[in-house]
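What follows is calculated from the coordinates using simple rules that are stated; it is not laboratory data. Given the structure is predicted, the values throughout are model-derived calculations rather than measurements. Positions of Cβ are backbone-derived with ideal geometry, glycine not excepted, and every protein chain shown enters the neighbour counts.
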Amino acid sequence: MYKVYILLCRDNSFYVGYTDNIKRRIAQHNNKTGSFYLSSKLPMKLVWLESYDTKKEAMDKELQLKGWTRIKKINLIKFGHPTKINH
């Protein structure tokens, strides 16, 4: 099982990644042994997580999310969907 995640960084930016072990990956980020990009943006907070059966599915979703605007990511985090749905 693979996880795709969004982290909210100290500077209010988002970081998108995937992993097969979310606890280990977040520990790596916090210990500055994960992404070099995040080393200057700590602390960060996990704000969204989704599971996928295969590595390819997770990588495809990660790539998709990285192409999204900030607003689409915020809507996904807040509403579970990239476009706000008014009821």
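With charges set only on the Cβ (+1 for Lys and Arg, -1 for Asp and Glu), what does the dipole of the chain come to about its Cα centre, in debye to the nearest 20?
280 debye
Looking at the chain, what % of the alpha carbon pairs are farther apart than 16 Å?
For the chain, the share of Cα pairs beyond 16 Å comes to 53 percent.
Measure off 7 Å from each Cα along the Cα-to-Cβ vector at E50 and F79, then give the distance between these two points in nanometres to one decimal.
In this crude label model, E50 to F79 measures out at 1.5 nm.
Report the relative contact order of the chain, percent, no decimals, based on alpha-carbon pairs under 8 angstrom and at least 6 residues apart.
32 percent
Using a cut-off of 14 Å between beta-carbons, work out the net charge of the residues near T19 (Lys and Arg +1, Asp and Glu -1, T19 not included). Don't skip to the answer; put the middle values down first.
Details: positive: K3, K23, R24, R25, K55, K61; negative: D20, E50, E57, E62.
Around T19, the charge tally is +2.
Rounded to the nearest 500 deg cm²/dmol, what is the calculated helix-only ellipticity per residue at 222 nm for the chain, with -39500 (n - 2.57) per DSSP H run of length n ≥ 4?
Computed ellipticity for the chain at 222 nm equals -10500 deg cm²/dmol.
What does a probe at D60 reach in the range 4-18, counting residues whose amide N is under 15 Å from the point 7 Å along Cα→Cβ?
4
Enter the angle in degrees (range 0 to 90, nearest 10) between the Cα long axis of helix 70-79 and the first principal axis of the Cα atoms of the chain, meaning the one along which they spread out most.
The answer is roughly 80 degrees.
Starting from the Cα of L42, step 7 Å toward the Cβ, then list every residue of the range 1-26 with an amide N under 18 Å from that point.
Within reach of a label on L42: 7-17, 22-26.
Full extension from R70 to S35: what is 0.36 nm times the residue separation minus their Cα-Cα distance, to one decimal in nm?
This chain segment gains 10.6 nm when fully extended.
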